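The values are calculated or read from the model by the stated rules, or taken from the named source; none is laboratory data. Remember, it's a predicted structure, so these values are computed and weren't measured experimentally. Note: ideal-geometry Cβ built from the backbone for every residue, glycine included; neighbour counts use all protein chains shown.
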Amino acid sequence: MAKERIVVGIDIGTSKVSTIIASVTEEEQVSVIGVSTVESKGIKKGVVVDIDRAVDSISMSLEGAERMAGYAVSKAFVSVGGNHIASLNSHGVVAISNPSGEIGHDDISRVTEAARAISIPSSREIIHVLPRSFIVDSQDGVHDPVGMSGVRLEVETHIVSGATTSMRNLVKCVQQVGVDVEDLVFTALASSYSTISDTEKELGVVLVDIGGGTAEIAVISLGGVVVGRSIRVAGDEMNEAIMNFVKLKYSLLLGEITSEDVKIILGSFVSAKEKYHVVRGRDLETGLPKSIKLSSSEVREALVPVVQEIIANIVSILEETPPELVSDIIQNGITMAGGGSLIPGIDKLISENTKMPVMVADDPITCVVKGCANLLGSPKLLSKIRITKGL
């Protein structure tokens, strides 16, 4: 029987915490043996705001996956997102060390390390240095220069960083449930390993992951992230938009749980038969309980500005993308993930406004954690994105 190893990924988001346990064969075939998703508490906009509540959520998700897999987790890969995530492109150059001129893996490490030598605030930590392409002497567009001959090796990279305190608090929460954090992975990057094919990664595609607290937008091309951004416009803002709409129109104050229910029941961007739902809140004029009947068209009116802001960020990301990649990316379009992508018709609305094809990933809620498992299943891929931070 082929030897198998166990890998574990944990996705800690604003609305949910998901844990996945998978077995990986020597041929790098990944099989899920345990998965659990629970409501997230103590996390806001991807950042820990209450350690005890966050630990409880992580513990519940972990225990559910462990029971299903029959395996006790001791270490895991953890996704990190939130608007504290930032990225920039960097360039590195080194002389090839081998006297024969043949490029080896040590040259790749050295040139990537050279690209990493950028000035960032002491309050931030680099999460990934992602090679986009290499240049051997004057030959650009090289994907894998190992074995090639030359004198000078250059690399174009995309660097992802995050706030040190935010990441340390996330690591601390996981450690408090008795699990060591092997490494952190940017949410959008993890999601891409379960939603986007290898061909799409090479040619170019936009990934839009709409979570509870933040939306992650990334241009994926040449096998990695070209441009990435995390914005504080996602599911929570949709709930707030519904609450504000009802407050202004009906002088009725709704709770967050009620507005979330309204979004799930009536939220839609599809022109279909009108739907209605009775909601109960507090009358702002009398202070007494009051019920009103909301329609799906009213909820649509409330949600459109939030989606338009996400669309504006997609357009902005494309404006930052190298011109030579834009035509392929526009042709391949947008892949959507996260709970926000489940709102009926949101894909069509984004497609109409961006003039790009839009596809919603299969099982979009678990894309990040499944991507972690796929990433962990391939040591070659993992070596490309891994940075030892010592958090």
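Here region 173-212 is the region considered, the condition is being among the charged types (D, E, K, R), out of contact with any Leu (no Cβ under 9 Å at 6 or more places or on another chain) and in a strand (DSSP E or B), and the residue that is surrounded by the fewest Cβ atoms within 10 Å (Cβ to Cβ) is Asp180. Put simply, of Gly281, Gly287 the only residue that is surrounded by fewer than 19 Cβ atoms within 10 Å (Cβ to Cβ) and more than 20 Å from Asn353 (Cβ to Cβ) is Gly287.
Screening Lys45 on (1) out of contact with any strand residue (DSSP E or B) (no Cβ under 6 Å at 6 or more places or on another chain); (2) modelled with pLDDT of 90 or more shows it passes everything except condition (2).
Can Val315 be described as surrounded by fewer than 18 Cβ atoms within 10 Å (Cβ to Cβ) and farther than 26 Å from Ala86 by Cβ? No: the conditions fail for Val315. Kindly indicate whether Val93 is within 20 Å of the chain's Cα centre (by Cα), part of a strand (DSSP E or B), hydrophobic (A, V, I, L, M, F, W, C) and outside the structural domain of Val8 (by TED's automatic domain parsing). So Val93 fails the test. Residues that are small (Gly, Ala, Ser) and surrounded by 17 or more Cβ atoms within 10 Å (Cβ to Cβ) were ranked within region 129-172; the one that is nearest to Asp50 (Cα to Cα) is Ser166.
Of all residues in region 268-292, those satisfying the criterion of being more than 23 Å from Pro344 (Cβ to Cβ) and charged (D, E, K, R) are Arg280, Arg282, Asp283, Glu285, Lys290. Of the residues that make up region 329-338, is at least one more than 20 Å from the chain's Cα centre (by Cα) and not assigned by TED's automatic domain parsing to the domain that holds Gly267? The answer is yes, given that some residue of region 329-338 is more than 20 Å from the chain's Cα centre (by Cα) and not assigned by TED's automatic domain parsing to the domain that holds Gly267. Is it true that Ile264 is surrounded by fewer than 20 Cβ atoms within 10 Å (Cβ to Cβ), hydrophobic (A, V, I, L, M, F, W, C) and either outside any loop (DSSP other than H, G, I, E, B) or within 24 Å of the chain's Cα centre (by Cα) (or both)? Yes; evaluated as a whole, the condition is true for this residue. Please go through region 323-339 and give me each residue that is of a type outside the set (Gly, Ala, Ser) and surrounded by 16 or more Cβ atoms within 10 Å (Cβ to Cβ), ordered by number. Correct list: Leu325, Ile329, Ile330, Asn332, Ile334, Thr335, Met336. All conditions but one from (1) within 21 Å of the chain's Cα centre (by Cα); (2) within 20 Å of Arg132 (Cα to Cα) apply to Pro322; the one that does not is (1). Counting the residues of region 29-66 that are of a type in the set (S, T, N, Q) and assigned to a helix (DSSP H, G or I) gives 3. Out of region 340-353, which residues are surrounded by 14 or more Cβ atoms within 10 Å (Cβ to Cβ) and either out of contact with any strand residue (DSSP E or B) (no Cβ under 7 Å at 6 or more places or on another chain) or of a type in the set (A, V, I, L, M) (or both)? Of everything in region 340-353, those that are surrounded by 14 or more Cβ atoms within 10 Å (Cβ to Cβ) and either out of contact with any strand residue (DSSP E or B) (no Cβ under 7 Å at 6 or more places or on another chain) or of a type in the set (A, V, I, L, M) (or both) turn out to be Leu342, Ile343, Gly345, Ile346, Leu349, Ile350, Asn353.
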